[in-house]
Amino acid sequence: MQETIVKLTQYSHAAGCGSKIAPAILSQMLESAGGHNLFPNLLVGNETSDDAAIYELENNQCLVSTADFFMPIVDAAYDFGRVAAANALSDVYAMGGKPILALALLGWPIEKLPLNVAKEVLAGGTYICAQAKVPIAGGHTIENPEPFFGYSVTGLVEKKNIKRNNTAQTGDLLFLTKPLGTGILSTALKRNLISAESFQPAIELMCALNNIGEQLGTISEVNAMTDVTGFGLLGHLNEICIGSGLSAEINYEKIKLIEGVKELAKKFVAPDNTFRNWNNYEASAEGIDGERLVTLCDPQTNGGLLVAINEKACNSFIKILKENGMEAFAEPIGVMKEKTDVKIVSVK
């Protein structure tokens, strides 16, 4: 008897980090979620839309805490687990930290999907956490109409190594450590515009750990850092600009795209949330249309680290890239500038 192949993306209305609530709606939801000033040891809360919370302990050690889960962006259960785990761990790396513990978060439609598929999801997540040397100490499960999976992750970081998304400085060079296009390719796959083989490079990128962030935390001249996820490169760069009180100029030709993405973007093959992102950030941008709009607003799942670094420290940064086999991303994609007008991000 032939085994039934389950395609997880058929069971969810959104995919990966594209599942995120729109930035404008999220801001309204968080208006009453204050309380940061009541806890002096809470160094980073939700006030700047950073990647994780940071709580100061003793002897300059700080706790990093985050939670991240989403609906399937890939069909294979094992791959879904791998992607979700790498994505959740990324938030700790983006703060310059080291993840030390994870708790699994699983929602599952018991009557729609077999339990052995859920086991495969968990197995994929376990593989990535083992790769990162992070124990899975437990978790929480619920029955849910659509499948979702992720982790609550705890990490550690020395106070001096904390990286935030609102501390960039004028003249900082911008680097991106992965190519763009995972949302575009996942949409193309759903529309049968590309083969499963053509999508495989995107899967491997989404499963790749951003653990280089822990090393980058040791470079004091890395002035700001965040990971690029559901709001696209434009959205996350916009957060850096607003938080830092600066503007940014990016050189589009220096931004790397996954193979095949450029041609699809020219045909406006994109997730719906690409245009939701554009609606949120259009007023802050100039020089963006057509292919650029589609790629720069494409929601990434476990995208690369967006790094703002003092030009004088670029050699140290590039050395770390080369040690990790990432020398392809050693060329800056832009620069932080003084804020001179209402436009925050410009593209040349």
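The values are calculated or read from the model by the stated rules, or taken from the named source; none is laboratory data. Computed from a predicted model, the values in this text were never measured in an experiment. Every residue, glycine as well, gets a Cβ built from its backbone with ideal geometry; the counts of neighbours run over all protein chains shown. For accessibility, only protein heavy atoms count, side chains too; no ligands or nucleic acids. Shrake-Rupley method; radii C 1.70, N 1.55, O 1.52, S 1.80 Å.
Numerical summary
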{"quantity": "Calculated [θ] (222 nm, deg cm²/dmol) that DSSP helices of n ≥ 4 give over the chain, each run adding -39,500 (n - 2.57)", "calculated": "-9500 deg cm²/dmol"}
{"quantity": "Reachable lysines, given that their alpha-carbon falls under 29 Å from the alpha-carbon of residue 160 and they are not under 8 places away in the same chain", "calculated": "98, 133, 178, 312, 319, 322, 337, 339"}
{"quantity": "Spatially proximal aspartates and glutamates relative to residue 348 (Cα-Cα < 14 Å; intrachain offsets below 8 disregarded)", "calculated": "249, 253, 286, 289, 291"}
{"quantity": "Between the stretch 42-105 and the stretch 217-234, the alpha-carbon center distance in angstrom", "calculated": "14 Å"}
{"quantity": "Solvent-accessible surface (1.4 angstrom probe) belonging to residue 108, in square angstrom, nearest 10", "calculated": "10 Å²"}
{"quantity": "Charge tally in the Cβ shell below 11 Å around residue 121, where Lys, Arg are +1 and Asp, Glu are -1, residue 121 excluded", "calculated": "0"}
{"quantity": "Charge sum, other residues only, whose C-beta stays under 13 Å from residue 179's C-beta, Lys/Arg counted +1 and Asp/Glu -1", "calculated": "0"}
{"quantity": "For the stretch 51-135: span of alpha carbons on each principal axis (Å, largest first)", "calculated": "49, 22, 18"}
{"quantity": "Unit Cα scatterers, Debye sum, the stretch 104-171: log10 I(q)/I(0) for q = 0.17, 0.27, 0.29 Å⁻¹", "calculated": "-0.73, -1.22, -1.31"}
{"quantity": "Percent accessible area from carbon and sulfur atoms, the chain, protein chains only, probe 1.4 Å", "calculated": "52 percent"}
{"quantity": "Virtual paramagnetic centre 7 Å along Cα→Cβ of residue 315, amide N under 20 Å, in the stretch 204-224", "calculated": "216-223"}
{"quantity": "Residue-normalised accessible area of the stretch 196-348, given per residue in Å² at a 1.4 Å probe", "calculated": "41 Å²"}
{"quantity": "Highest-first arrangement of 322-334, 201-213, where packing means the average Cβ count within 10 Å", "calculated": "201-213, 322-334"}
{"quantity": "Cα-based Kirkwood hydrodynamic radius, the stretch 63-218, one decimal, Å", "calculated": "16.6 Å"}
{"quantity": "Additional length obtainable on full extension of the chain from residue 57 to residue 324, 0.36 nm per residue less Cα span", "calculated": "93.1 nm"}
{"quantity": "Kirkwood-based shape ratio for the chain, expressed as Rg/Rh from alpha carbons", "calculated": "0.95"}
{"quantity": "Residue order for 51, 272, 289 - accessible surface, 1.4 angstrom probe, largest first", "calculated": "272, 289, 51"}
{"quantity": "Average accessible surface area per residue within the stretch 48-120, 1.4 Å rolling probe, Å²", "calculated": "38 Å²"}
{"quantity": "Under 18 Å from residue 190, Cα to Cα: lysines that are on another chain or at least 8 residues apart", "calculated": "7, 262, 266, 267"}
